[in-house]
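The values are calculated or read from the model by the stated rules, or taken from the named source; none is laboratory data. If you're wondering where the values come from, they're calculated on a predicted model, not measured in any experiment. As a convention, Cβ positions derive from the backbone with ideal geometry for all residues, glycine included, and neighbour counts pool all protein chains shown.
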């Protein structure tokens, strides 16, 4: 079958005339080029905006009956959030944007897909609670981050990834059936992800999320932690020229530079053994330089100096419950850094972090990474032990200079991030590289570099578990489709 006038009328009957469109100027805006993909996507047949779980379920039944493809999305910040086949409709979930409940006793927040971090995070923080917002910026969807996509974040060293914090889920299958997981199965509320029999949390989320391939999540509960810090973060100025401060003397940020990746690894593991810090991460220096400058011109003026000052920065954020605890953690921190060969970066640069504490909550300056106007792509975005992730970072030197020295990708060869989780018991990595989307050969260079990176992983036997997991993910997806 294919998309017809009758199909459109059936969808319109579900959501109403105001919430469906096939106007060309609307469809055109949803197939445009994105920063990481230099070509336009296919055009969808229509865009549908459901307002409830029941409407989503009916839309799924129509898709099954007419053999239509569908893509559900909120922010469309991933290249998969667009039509890639004929006879595809886009299901935009932005109307479903309610915070349904913040339960302070059982410590969870119940949200719909259209809720953004900028809505949810301030509300839970006012109640003395917190959660680990993935590093997607304030406009990202907590529900999408916790159920459908990755979820690495800047505080997972002292907490963890969303995988650990996903509770009850309401999911519409491709057949239009509404499933409710965990304690919802027995009408006991949203507080528990498990229930008698097999748990579905690993199926819904797993490690990286299934990008909606087993259905559309319409509600989910997120576990909340007690917040270490003030209920409100003091703000000065207007974005992007704003500053955010944590008052009270319980929060400190220190940035150290290293010359050896193994020394970085040793520092991370030693700090984790002592459970020092709320955030510890080997950050990538290119996004750091972009966040610390206010224009592309300023970036180019300072980039040469930044490359020399912090090519391998280790960022440590201490969030203590008392001044005494903070001072204790600081003493251990400086002992570890001294023993592992780290050096503190100049104070005038380190001070930037104290003036932008929202970095550790919601990355309000994330858009600065796109300032150069080229294209970017993440690579080596997976997780293993902290030592393995450091080995991955060291292996990059074996192939990246063939691309940075020849101008095929941006000249930032050390631009890999390592974020330990749960005090260093394991860690995630990300090699973010930029390339020129206006270069006729730019896309080919990007693919060539990506293939060289994958070949390096195979040669060193990195990320083998991921391929095994992919096989199981495909089997699960097939079972739900």
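Scanning the stretch 357-377 turns up at least one residue that is outside the structural domain of residue 135 (by TED's automatic domain parsing), under 22 Å from residue 457 (Cα atoms), touching a strand residue (DSSP E or B) at 6+ places or on another chain (Cβ under 9 Å) and not in a loop (DSSP other than H, G, I, E, B).
Restricting the stretch 159-189 to residues that are surrounded by 24 or more Cβ atoms within 10 Å (Cβ to Cβ) and in contact (Cβ under 8 Å) with a residue 60 or more places away in the chain, the residue that is farthest from the chain's Cα centre (by Cα) is 172. Among the residues making up the stretch 375-410, those that are touching a helix residue (DSSP H, G or I) at 6+ places or on another chain (Cβ under 8 Å) and more than 23 Å from residue 265 (Cα to Cα) are 375, 376, 377, 402, 403, 408, 409, 410. Among the residues of this structure, residue 31 does not count as one that is outside the structural domain of residue 121 (by TED's automatic domain parsing), over 30 Å from the mean Cα position of the chain (by Cα) and either surrounded by fewer than 17 Cβ atoms within 10 Å (Cβ to Cβ) or not in a loop (DSSP other than H, G, I, E, B) (or both).
Among the residues examined, residue 97 does not qualify as outside any strand (DSSP E or B) and crowded, with 18+ Cβ neighbours inside 10 Å. Scanning the stretch 9-20 for residues that are touching a residue at least 12 places away in the same chain (Cβ under 8 Å) and surrounded by fewer than 17 Cβ atoms within 10 Å (Cβ to Cβ) yields one hit, 10. Annotation: residue 320 fulfils all but one of (1) crowded, with 19+ Cβ neighbours inside 10 Å; (2) in contact with a helix residue (DSSP H, G or I) (Cβ under 6 Å, 6 or more places away or on another chain); (3) within 20 Å of residue 418 (Cα to Cα); the unmet one is (3). Given the structure, is residue 120 under 17 Å from residue 99 (Cα atoms) and not in a helix (DSSP H, G or I)? Considered against the rule, which asks whether it is under 17 Å from residue 99 (Cα atoms) and not in a helix (DSSP H, G or I), residue 120 comes out as no. Checked against the criterion of being at pLDDT 90 or above and under 21 Å from the mean Cα position of the chain (by Cα), the candidates 316, 276 yield just one match: 316. Looking at the stretch 71-94 only, could you name the residues that are crowded, with 22+ Cβ neighbours inside 10 Å and more than 19 Å from residue 141 (Cα to Cα)? Passing the criteria: only 89.
Taking the stretch 459-474 as the range and being at pLDDT 70 or above, within 25 Å of the chain's Cα centre (by Cα) and assigned to a helix (DSSP H, G or I) as the test, only 474 passes. You will find that of 214, 268, 222, the residue that is in contact with a helix residue (DSSP H, G or I) (Cβ under 6 Å, 6 or more places away or on another chain), assigned by TED's automatic domain parsing to the domain that holds residue 163, outside any loop (DSSP other than H, G, I, E, B) and buried (at least 21 other Cβ atoms within 10 Å of the Cβ) is 222 and no other.
Entry remark, the stretch 411-442: residues being surrounded by fewer than 20 Cβ atoms within 10 Å (Cβ to Cβ) and farther than 22 Å from residue 390 by Cα number 6 in total.
Name, by its number, the condition in (1) assigned to a loop (DSSP other than H, G, I, E, B); (2) assigned by TED's automatic domain parsing to the domain that holds residue 168; (3) at pLDDT below 95 that does not hold for residue 143. So residue 143 meets the others, but not (1). Considering every residue within the stretch 361-378, establish whether at least one is surrounded by fewer than 17 Cβ atoms within 10 Å (Cβ to Cβ) and modelled with pLDDT of 90 or more. The answer is no; no qualifying residue exists.
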